[in-house]
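Asks: Below are the structure tokens for one structure; questions will follow.
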Amino acid sequence: MHLVGVRGVSKVFGNGVAALAGISLDIAAGEFLSILGPSGCGKSTLLRLIAGLLRPTAGTIEWPGGRRDLGFVFQEATLMPWATVLGNVALPLRLHGMARSEREARAAEMLARVGLKGFERTWPRELSGGMKMRVSLARALVVEPRLLLMDEPFAALDEITRHRLNGDLLDLWRHSGVTVVFVTHSVFESVFLSQRIVVMAARPGRVAAELAIDPQQPRDESFRTSTEYGAYCRLTSARLGDAMAMGPLA
């Protein structure tokens, strides 16, 4: 059974801009799905529709097994500057009414899992960009969501930090069993992370292609330099090129 079903979803904003047209997509429980496309193709809009932050103009978002907590990681870490790292991660649990001792213990455990043990009492202004994103990821995962939505979270980071976070994200995904929908405009990132890639065309946004990524080796640094990875990247790049060449709907 799929976790989320997107059924013929379109979104037209109040200013008349058609962001999405007739998007249909199944998101399987436990999968890592990337949504790839050029700027302005509606990737972020689709993520916000799935999250319930926007309502579709047409179509529906289905949750066959019932909707539960989901986590959302934005491109900016959006940390509360007046709260410590521990306080930021514990905030969703506080909003759920969890006792202070329990929420702080769970927040500390999640910080350790994202590689930030020892930084619990640090302030956000004292962190690097990559560390801030780790805090944002810990805050999203601390509620143990079924679905983790990620909107180009590593786009502003340097390549070394981005590669390290890609690997750490895959480790967290494998061990938690969470379903991940990851928005990116990077072919290389989408191939490294995903089991499946949805390629979108713009004006308005729609699904142009889907690709399954099933490497015969672990997703580690050796995969990045393999001929298999290169072949997947070339195929994905070609599909993205086709999508970008598609004209607007008649």
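Asks: Could you grab me the full set of residues in the range 28-44 that are surrounded by fewer than 19 Cβ atoms within 10 Å (Cβ to Cβ), at positive phi and in contact with a strand residue (DSSP E or B) (Cβ under 7 Å, 6 or more places away or on another chain)?
Replies: Correct list: 30 only.
Asks: Only one of these is crowded, with 22+ Cβ neighbours inside 10 Å and touching a residue at least 12 places away in the same chain (Cβ under 8 Å): 20, 54, 47, 25. Name it. So that I can check it myself, show each step before the final result.
Replies: Numbers: 54 fails: crowded, with 22+ Cβ neighbours inside 10 Å; 47 fails: crowded, with 22+ Cβ neighbours inside 10 Å; 25 fails: crowded, with 22+ Cβ neighbours inside 10 Å.
Only one candidate qualifies: 20.
Asks: Consider residue 136 carefully, then state whether it is touching a strand residue (DSSP E or B) at 6+ places or on another chain (Cβ under 7 Å) and either closer than 17 Å to residue 112 by Cβ or surrounded by fewer than 17 Cβ atoms within 10 Å (Cβ to Cβ) (or both). Lay out the reasoning, then the answer.
Replies: Numbers: touching a strand residue (DSSP E or B) at 6+ places or on another chain (Cβ under 7 Å): yes; either closer than 17 Å to residue 112 by Cβ or surrounded by fewer than 17 Cβ atoms within 10 Å (Cβ to Cβ) (or both): yes.
Considered against the rule, which asks whether it is touching a strand residue (DSSP E or B) at 6+ places or on another chain (Cβ under 7 Å) and either closer than 17 Å to residue 112 by Cβ or surrounded by fewer than 17 Cβ atoms within 10 Å (Cβ to Cβ) (or both), residue 136 comes out as yes.
Asks: Report yes if some residue within the range 99-112 is part of a loop (DSSP other than H, G, I, E, B) and open to solvent by 30 Å² or more (accessible area, probe 1.4 Å); otherwise report no.
Replies: yes
Asks: Something else: So residue 217 ticks every box in (1) at pLDDT 95 or above; (2) in contact with a Phe, Trp or Tyr (Cβ under 8 Å, 6 or more places away or on another chain); (3) surrounded by fewer than 19 Cβ atoms within 10 Å (Cβ to Cβ) but one. Which box is left unticked?
Replies: All conditions pass for residue 217, except number (1).
Asks: Please name all residue pairs, on different chains or six or more residues apart, with Cβ atoms under 9 Å, provided the first residue is in the range 95-108 and is closer than 14 Å to residue 144 by Cβ and the second residue is open to solvent by 60 Å² or more (accessible area, probe 1.4 Å) and at pLDDT below 90.
Replies: Pairs found: 96/69; 103/96.
Asks: Can you tell which of 157, 170, 165 is in contact (Cβ under 8 Å) with a residue 24 or more places away in the chain and open to solvent by 10 Å² or more (accessible area, probe 1.4 Å)?
Replies: Only one candidate passes the filter, namely 157.
Asks: Exactly one of these conditions fails for residue 137: (1) in a helix (DSSP H, G or I); (2) touching a Phe, Trp or Tyr at 6+ places or on another chain (Cβ under 6 Å). Give me its number.
Replies: (2)
Asks: Being farther than 25 Å from residue 33 by Cβ and aromatic (Phe, Trp, Tyr), is that true of even one residue in the range 113-126?
Replies: The first filter runs over the range 113-126 and keeps only residues farther than 25 Å from residue 33 by Cβ, leaving 116-126.
If we keep only those that are aromatic (Phe, Trp, Tyr) too, we end up with 119, 123.
Yes, some residue in the range 113-126 is farther than 25 Å from residue 33 by Cβ and aromatic (Phe, Trp, Tyr).
Asks: So, one more: Inside the range 1-78, counting only strands (runs of 3 or more DSSP E) that do not spill past its ends, which hold 1 or more residues that are within 28 Å of residue 156 (Cβ to Cβ)? Let's see the steps before the verdict.
Replies: Values: elements: 2-12, 18-28, 32-36, 58-62, 70-73.
Passing ranges, in order: 2-12, 18-28, 32-36, 70-73.
Asks: Sort out which residues of the range 224-250 are open to solvent by less than 60 Å² (accessible area, probe 1.4 Å) and touching a Pro at 6+ places or on another chain (Cβ under 6 Å), and write them in order of number.
Replies: 228
Asks: Of the residues in the range 1-20, how many are within 21 Å of the chain's Cα centre (by Cα), within 14 Å of residue 45 (Cα to Cα) and modelled with pLDDT under 95?
Replies: Of the residues in that region, 1 qualify.
The values are calculated or read from the model by the stated rules, or taken from the named source; none is laboratory data. Since the model is a prediction, treat every value here as computed from it, not as a measurement. Don't worry about glycine lacking a Cβ; one is built from the backbone with ideal geometry, like all the others, and counts go over all protein chains shown. To get the accessible areas, we keep the full protein, side chains included, count just its heavy atoms, and leave off ligands, DNA and RNA. Shrake-Rupley method; radii C 1.70, N 1.55, O 1.52, S 1.80 Å.
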